[in-house]
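Step one of this worksheet: look at the structure below.
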Amino acid sequence: MTTRYTLAVVGIGKIARDQHLPAIAAQPGFELVACASRNASVDGVRNYADIDALLAGESSLDAVSLCAPPQVRFAQARAALEAGKHVMLEKPPGASVSEVEALNEIARANGCTLFASWHSRAASAVEPARAWLASKEAGNVRAVEVRWKEDVRRWHPGQQWIWEPGGLGVFDPGINALSIVTRILPREIALRAATLTIPGDTATPIAAELECVDTHGAPVRAVFDWRHGPVEEWAIDVDTDAGRLSIREGGKRLSIAGKDITLGAEREYPALYERFHELIAQRESDVDIRPLRLVADAFLLGAHVETEAFGR
């Protein structure tokens, strides 16, 4: 019999309503009992203004899923972990690498699960791509090209936090591509150079170009742009000895050496909650910060190019 854990969601915004709440409703391993949000509520559960009030009112709660912006997530996660609650972090797992590493230590000290989720890794193309690239058939990776382009006004309308320090700017979607790349490639990659295009009225970039290499020297190039439209481009091409592997539509489509591969149904967020349940049951954590570390390196090494004001 599946153990059912009580769960609360903190931060009821667009991503929580569009993805998290439906995924939880379809997951028999969790029972949503409460939510916390400054400006929103969820019907049928107990609602609180913030995480402190939630933790005070839900002493028997098992787990918390944090969907608030990354700038405020460290304090929320620390409070939940120190209260003995298992914690799932929406991507990116934090505003900095150091705070996520600290949370991992806090989780370990309190005997709690910490799950740094990367929803794009649960896209249907990712694991078949990873398996093929790891096979002898694929041979060596020769080059990787990532193009992750969309319209920020469509995907983040009116959201100011993305333009503030810790909000990541174009790396908010770009980190999805990096989460896939770090999952599917058979070798680690390192950033060598970056260019960040930053509007005159924001603190974070609207576009970025990354130049990386894997540990055998194969080039890995990524271009992220929030000024693209009306059709998004979420594409990854990996050239190998056996031909090109191509991921399209953010992980919904896969071709290998010119042949389309049949994939399973899309279920990114349901898969994340299945993984969270599995980690709690096994008393383990899953905290892979490689995508966030590449973004941090881009801010560290990147040359800044100013562009016209965004007009937010």
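Per-residue answers, yes or no, for (1) out of contact with any helix residue (DSSP H, G or I) (no Cβ under 8 Å at 6 or more places or on another chain); (2) without any contact (Cβ under 8 Å) to a residue 24 or more places away in the chain; (3) basic (Lys, Arg):
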{"residue": "LYS149", "(1), (2), (3)": "yes, no, yes"}
{"residue": "HIS156", "(1), (2), (3)": "no, yes, no"}
{"residue": "ASN176", "(1), (2), (3)": "no, no, no"}
{"residue": "ARG183", "(1), (2), (3)": "no, no, yes"}
{"residue": "LEU191", "(1), (2), (3)": "no, no, no"}
{"residue": "CYS212", "(1), (2), (3)": "no, no, no"}
{"residue": "GLY217", "(1), (2), (3)": "yes, yes, no"}
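Residue by residue through the stretch 46-64, note down the ones that are hydroxyl-bearing (Ser, Thr, Tyr) and surrounded by 14 or more Cβ atoms within 10 Å (Cβ to Cβ). The one that is hydroxyl-bearing (Ser, Thr, Tyr) and surrounded by 14 or more Cβ atoms within 10 Å (Cβ to Cβ): TYR48. Test SER98 against the stated conditions and say whether it is in a helix (DSSP H, G or I), without any contact (Cβ under 8 Å) to a residue 12 or more places away in the chain and hydroxyl-bearing (Ser, Thr, Tyr). Here the answer is yes, as SER98 does meet what is asked.
Does the stretch 25-34 contain any residue that is touching a Lys or Arg at 6+ places or on another chain (Cβ under 9 Å), over 16 Å from TYR269 (Cβ atoms), buried (at least 20 other Cβ atoms within 10 Å of the Cβ) and not assigned by TED's automatic domain parsing to the domain that holds GLY169? Among the residues of the stretch 25-34, at least one is touching a Lys or Arg at 6+ places or on another chain (Cβ under 9 Å), over 16 Å from TYR269 (Cβ atoms), buried (at least 20 other Cβ atoms within 10 Å of the Cβ) and not assigned by TED's automatic domain parsing to the domain that holds GLY169, which makes the answer yes.
Under the condition of being surrounded by fewer than 21 Cβ atoms within 10 Å (Cβ to Cβ) and not polar (S, T, N, Q), which residue from the stretch 70-90 is farthest from THR6 (Cα to Cα)? In this case the residue turns out to be VAL72.
Of the residues making up the stretch 113-138, those that are among the hydroxyl-bearing types (Ser, Thr, Tyr) and either out of contact with any Leu (no Cβ under 8 Å at 6 or more places or on another chain) or over 28 Å from SER96 (Cβ atoms) (or both) number 3. Filtering the stretch 27-41 for residues that are part of a loop (DSSP other than H, G, I, E, B), over 17 Å from the mean Cα position of the chain (by Cα) and among the charged types (D, E, K, R) leaves a non-empty set. In the stretch 202-233, the qualifying residues are those that are farther than 17 Å from HIS304 by Cβ and either in contact with a Phe, Trp or Tyr (Cβ under 8 Å, 6 or more places away or on another chain) or acidic (Asp, Glu) (or both), and the one that is surrounded by the most Cβ atoms within 10 Å (Cβ to Cβ) is ALA222. Selection over the stretch 277-312 of residues that are touching a residue at least 40 places away in the same chain (Cβ under 8 Å), part of a helix (DSSP H, G or I) and under 30 Å from CYS212 (Cβ atoms) gives a count of 12.
The values are calculated or read from the model by the stated rules, or taken from the named source; none is laboratory data. All values reported here derive from a predicted model rather than from experimental measurement. Cβ atoms come from the backbone with ideal geometry, glycine included; neighbour counts cover every protein chain shown.
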